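Reviewing the structure listed below.
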Amino acid sequence: MMMSMRNMKIGMKRRMIDYPNDKVKMLQFPKLSEICNISHFVTTRHGGVSKGAYASFNPGEYCGDDKEDVAMNRFLLSEAIGISKEKIISPCQIHKDEIRVVDSSFFSLSIKKQQDYLYGVDALITSLPNVCVTVSTADCVPVLLYAPDVRVVAAIHAGWRGTVMQIVKKVTRLLMDDYAADPFLMRAGIGPSISLNAFEVGEEVVKAFFENGFDMDKIMKYNLVSNKAHIDLWEANRMQLIACGLLPENIETAEICTYTDYNNFFSARRLGIKSGRILSGIALIES
């Protein structure tokens, strides 16, 4: 399916609201913010202490920033959301489809064993109250999930490789199979990430999506000028949620492009790999 870039959907209007705090600049999904049983956030670049390509609010622990600056940023995050630093859990992601559950046994582990448990992981699930599961991104797609009937939350990192491996679908199915969550009740938020317009890819990426069964007419467009393909990661992940039974009206998409809005959100394509990360997190609130 061919079309010019000027005819591609833009969809850049902001669909998120400010997180209610006076500490750091963060955003929320409007519908998720109305649910009193959970707390969630998506960080921006503003309000922290990091410098250079990490400036200023970089809570990402695995991207090469000064450790003391990251520690301060995570302290500021802890203060803003009212959850202790030790209960803000961030995996060391590797762009695959490994999923981990954070339960009470996790907190009995040594720091080293906790780090080992979180290494190579791209999605976290928890049913523990006041434990915030997070993922870090800088163009990749963060997805937050809430299953209200079984009181379980999940945070998912879906880069193009994770999207091809259908990590969002796998997490959703796990909630359905292991927790008996009803997909018709689930809520999801697809956070700031690279847009269709900005995500130019090579033929090897197109081939990977095609060979894994994606409807290419729905997720791929061509720029007739450059003759390059563009992939819509927002739609590719939204389709996985819908395929699992989520209602379209229960899926919120930020429609904020990190590549375009790199002054407010970290973008690895704009700033390089050695730059900051957005943190997207969700937690159950103890009733």
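The values are calculated or read from the model by the stated rules, or taken from the named source; none is laboratory data. Everything quoted here is computed from the prediction, not taken from an experiment. All Cβ positions, even for glycine, are placed from backbone atoms using ideal geometry, and neighbour counts span all protein chains on display.
With the requirement that a residue be closer than 12 Å to residue 135 by Cβ and among the hydrophobic types (A, V, I, L, M, F, W, C), what does region 154-187 give you? Answer for region 154-187, where residues must be closer than 12 Å to residue 135 by Cβ and among the hydrophobic types (A, V, I, L, M, F, W, C): 154, 155, 156, 158, 167, 168, 171. Among all positions in region 61-79, there is at least one residue which is assigned to a loop (DSSP other than H, G, I, E, B), within 20 Å of residue 154 (Cα to Cα) and among the charged types (D, E, K, R).
The residue that is surrounded by the fewest Cβ atoms within 10 Å (Cβ to Cβ), counting only those in region 240-253 that are on the phi < 0 side of the Ramachandran plot and in contact with a Phe, Trp or Tyr (Cβ under 7 Å, 6 or more places away or on another chain), is 247. Annotation note: Cβ proximity below 6 Å between a residue of region 118-140 that is closer than 19 Å to residue 95 by Cβ and in contact (Cβ under 8 Å) with a residue 24 or more places away in the chain and a residue that is among the β-branched types (Val, Ile, Thr) and part of a loop (DSSP other than H, G, I, E, B) (sequence gap 6+ or interchain) occurs for 120/94; 139/194; 139/258. Within region 80-126, the residues that satisfy the criterion of being among the aliphatic types (A, V, I, L, M) and assigned to a loop (DSSP other than H, G, I, E, B) are 83, 94, 109, 121. Across region 199-250, the number of residues qualifying as touching a residue at least 24 places away in the same chain (Cβ under 8 Å), more than 27 Å from residue 29 (Cβ to Cβ), part of a helix (DSSP H, G or I) and in contact with a helix residue (DSSP H, G or I) (Cβ under 7 Å, 6 or more places away or on another chain) comes to 3.
Quick check, is residue 174 among the aliphatic types (A, V, I, L, M), touching a Gly at 6+ places or on another chain (Cβ under 6 Å), over 30 Å from residue 226 (Cα atoms) and in contact (Cβ under 8 Å) with a residue 60 or more places away in the chain? No: the conditions fail for residue 174. Note on region 33-54: residues that are under 20 Å from the mean Cα position of the chain (by Cα), hydrophobic (A, V, I, L, M, F, W, C) and assigned to a loop (DSSP other than H, G, I, E, B) amount to 1. Residues in region 80-94 that are within 18 Å of residue 26 (Cβ to Cβ) and surrounded by 15 or more Cβ atoms within 10 Å (Cβ to Cβ): 80, 81, 83, 87, 88, 89, 90. Please determine whether any residue of region 228-248 is of a type in the set (Val, Ile, Thr), at pLDDT 95 or above and within 13 Å of residue 191 (Cα to Cα). Looking through region 228-248, none of the residues is of a type in the set (Val, Ile, Thr), at pLDDT 95 or above and within 13 Å of residue 191 (Cα to Cα).
When 245, 272, 281, 276 are checked against the criterion of being more than 22 Å from residue 66 (Cβ to Cβ) and not hydrophobic (A, V, I, L, M, F, W, C), 245 stands alone in meeting it. If you check residue 60 against the conditions, is it under 27 Å from residue 92 (Cα atoms), modelled with pLDDT of 95 or more and surrounded by fewer than 18 Cβ atoms within 10 Å (Cβ to Cβ)? So residue 60 fails the test. Screening 8, 12, 1 for residues that are crowded, with 16+ Cβ neighbours inside 10 Å, at pLDDT below 95 and of a type outside the set (Lys, Arg) leaves exactly one candidate, 8. Within region 132-146, not a single residue is of a type in the set (Ser, Thr, Tyr) and assigned to a loop (DSSP other than H, G, I, E, B).
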